[in-house]
Structure formats: structure tokens, C-alpha cells
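Computed from the coordinates by the stated procedures, all read-outs in this text should not be read as laboratory data. The structure presented is a predicted model; accordingly, all values stated were derived computationally and were not measured. Heads up, the Cβs are rebuilt from the backbone with ideal geometry, glycines too, and the neighbour counts pull from every protein chain shown.
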Amino acid sequence: MSRFAPDSRPRLARGARLRWDEARQRHVVLFPEGALSLNATAAAVLGLCDGERTVAAIIAELEAQYPGAPVAEDVHDLLDRIAERGLLVDADA
Amino acid sequence: MSTPTLRPFSLVAELTYRCPLRCPYCSNPLDCGAGAYRDELSTEDWARVFREARLLGVLQLGLSGGEPLLRRDLESLVAVAAEVGLYTTLVTAATGLGRDRAERLKQAGLDHIQISIQDSRAEESDRIAGSRSFHRKLEAARIAKELGFPLTLNFVLHRHNLDRIDEILALAEELGADRVELANTQYYGWAWHNRAALMPTPEQLARAERVVAETRARVGHRMTILYVIPDYYEEYPKACSGGWGRRLIVVSPNGEAMPCHAATCIPDLSFPNVRDRSLEWIWFESEAFNRFRGTAWMPEPCRSCERREIDFGGCRCQAMLLTGSPAATDPVCHLSPDHHRVIEAREQARRPDFVPLTPRSMRVAPATL
């Protein structure tokens, strides 16, 4: 069971920032004294976590971009893992 | 051996060694008042260094000192760091962090504030800091939280405050810290000079560890607690700043680039200056960053040790201070032929002799080093 319901609106936690790391050619989430390297999928998902879009909307947008991929499951899994590290929260919570 | 693909992760910009506090364990060099350090980099120099750092791969920037708030151009420097996409932490004693200044820094794009507090009690904190600063620090911490900054509180621990670790953690909780760093004193710079007066006993450390474990279990994710024991009580050494020339660049107020903040204690190493060289050249090409990089420089027992790429031989400055050779195995390691020097320091901590603390000073450098 994911901690994010379909109508919840995830956003990066206070103090966490999504950045492109040109030197290493990948996205990272930066936070106090740390960094989390993201693969392209994770970066695409987190880029949509703006506190406005719902989880359902994020999944729909990615499904349109990547037809046939198991998007819903991947998105929930990823959101949960990043939230577990304290880097993602529900904007309404 | 250089590792050409490895890129630095952090830049610590020591903007000035000026500071209103006089902590006897200050990590600045003993000669922090020397004329050379007063020839501070200009706003433009620092801006260029920040841009070069970001291109080189640096993600985290610490604006440190001394007291970085004493730089009048701090807001401009923060703005450049934000513009180039560095994650910027202000590392401050916070005595000069009123609401106006904090708001301006927020507006300029500062990401995170770390405030040092010297103890859980005003009188003790002020005694160690050498100034009446405790209440102003608490007020600054509250302002940082109100403005929405992630807040780290840093407490340097030693034999005179370690037994109040529960009070210290309670204070951090009350102030709503997101992170608290409980950093036992490591013995470089002023702390090396004051080692006999600062070193805790093993009993003090054992109790502190229990309190930390209990508090962690209780507060969970609400407050991250980092607890670092003195190297002198470890069985194996730690990799110096993640390994020499592997993760960190420290730039002193006058522009000298170093692999760690204590590296000036190594007498025969000369540090390239950002006024003369690009950060990229300094990182990849300079003698200072290559001297102890990798494993080829290592003596035994490190050279054949299976931990050689875990701890990279430990801390070069600790080796220098304890053995006189920066290329020796860190004597913290129980395999080091000089380990008895660490044992002696531990045993000295058991003796109850009163040893006076020498406060940090920019006027007088202690003559003992």
C-alpha cells in the first residue's frame, strides 16, 4: 500500500531541491549535507512532483509519454522510496 | 595515484577567519590571525570560484569561517551560489543573525542554516564561546525556523559538556532542529593545542552513546541525529574528508585551496591559490591535491591492508600531528606502529588534573606548535 493516494499531491520536502548535475550528466536531489542521484525515470517522476499535480495526473502524463510501460506501479514505488528518506511529502498533509 | 574521473562534491568557503567567538577547539589554524589571512578574497574572486566549482561537479557549498556573517557581501555571494545551482549552507555562530539579515539571505537564495551552540546552558555556552552569545543563538535558531529554513544545530562535544548531552538534545528538540550534529572534538588546530583539557573519558562517551540511541529511537525521522565519536576512541581511522582529494575542497579566506580544513598543519605542502589557478587545475593537477590521493603513497601497514580503499590510511593531519610525518598510517588505527600515542592520550584523559583552556585568539598564536 503506497503512502500516496491517487488524489494526493506530492512535492519535494522543505529544503530539498531537484537539480541537473552537468558534470555527472544526471539529476540529483540536494538536501542539507547530502545528494541523491536519480536515474532518468526517477528524474522524470520527481520533475512532476510540484505539489499541484495529483499522483493520478502524474501517472497519466507519464503513461502518455511511455506507452505500455508499467508506470503506475513504478511511480508509487519510487514516491514511497523517496518519501521514506524524508525528501518528498504530500502538499496537503 | 590520481583518479581523473573523480569529481568533488563539496566546497567549503572559509570567507573570513574573523569571529566574535573564542572557542578553544576552533578548527581554524593556530595562526588564523596572521596577516596573510586578512588579505581576503573579493566578492568577484569568490563568485568566480563558485562558478568554477559548479562546473567541476561541486553540489554542496558551505559558507563558513570564522564567522561568515562578518562578510558584508554575504548576500551577494549567496545569490551567485543560488544562480549557479549550488546547495548552500550558512555555517554560523549566529550572533549576528537578526531577522532582517536572515530575510535578506532567504531572498538571495540561501538553502540551509547551521548554527553552532556551545552547550545546553547559557553560562557554560558563553564561557566556552568567550562571549555572551547563547540567548542570541537561540533567537537566531527560532528566526531560521520561522523563515522556513531547514535548520541544523551543531554542538561540539568535549569532557566539559558531554555529560549534558541529554539537555543538549532536549534543547535541539525544543528549537525544532531538523538535524543535530553532535560532533565530538577532533584534535587539530586549537583543539590539538587544548587536547588535554578537552579529551573525554571512555565512560563519558559510553553514556553519551546510550543517550543518543534512546533519543533516536524516540524522535524517529522528526530530527536527524548525527553523533561522531572522537577519532582517538575509534579502532580504525576514518577516511579524511571522504579520502584526500576525493570529495572536498576547502578554500581559506585568502584563497588557498586545501583538501581539508586542517591541511596547513602539514609543513612541506604548499597550497595553490584560487587567485592564480582555476579550481579545475587545482583539483586535477596540483601537487597538494595529488600527494595523498589514492593508495600509491601509502606505507605499510596500509599498503597491503584490505581497508586501504575504505579509510585511505586515515587522516593525514592526525598522522602529522601525532608522528611528525604526514605520510604515516593514522595512529588512530590499532595496526599503526604509533598507536601508543593515541593510547597515551586516552590514558591522560582519566587523570583528573585541571588543565586550563586556551581560547582561540587572532592576536596570539600559541607557540607550542
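Take the residues in region A:52-85 that are of a type outside the set (V, I, T), within 14 Å of another protein chain (Cβ to nearest Cβ) and touching a strand residue (DSSP E or B) at 6+ places or on another chain (Cβ under 8 Å); name whichever of them is nearest to A:A5 (Cα to Cα). The qualifying residue nearest to A:A5 (Cα to Cα) is A:A83. The condition (being crowded, with 19+ Cβ neighbours inside 10 Å and in a helix (DSSP H, G or I)) is satisfied by just one residue among B:L153, B:L169: B:L169. Close Cβ contacts (under 6 Å, 6 or more residues apart or on different chains) running from residues in region A:37-60 that are in contact (Cβ under 8 Å) with a residue 12 or more places away in the chain to residues that are part of a helix (DSSP H, G or I) comprise A:A42/A:L78; A:V45/A:V75; A:V45/A:L78; A:L48/A:I58; A:I59/A:V71; A:I59/A:A72; A:I59/A:V75. The residue that is farthest from the other protein chains (Cβ to nearest Cβ), among those in region B:80-118 that are surrounded by fewer than 24 Cβ atoms within 10 Å (Cβ to Cβ) and at positive phi, is B:G109.
Of all the residues in region B:141-165, those that are more than 14 Å from chain A (Cβ to nearest Cβ) and touching a strand residue (DSSP E or B) at 6+ places or on another chain (Cβ under 6 Å) number 4.
Taken together, B:D178, B:D231, B:D163 contain a single residue that is in contact (Cβ under 8 Å) with a residue 12 or more places away in the chain and surrounded by fewer than 18 Cβ atoms within 10 Å (Cβ to Cβ), which is B:D163.
Candidates in region B:60-107 are the residues that are part of a loop (DSSP other than H, G, I, E, B) and either of a type in the set (V, I, T) or under 18 Å from the mean Cα position of the chain (by Cα) (or both); of these, the one that is nearest to B:E146 (Cα to Cα) is B:A94. Any idea which residue in region B:270-314 is surrounded by the most Cβ atoms within 10 Å (Cβ to Cβ), counting only those that are closer than 15 Å to B:A327 by Cα and of a type in the set (F, W, Y)? Once the filter is applied, the top-ranked residue is B:F312.
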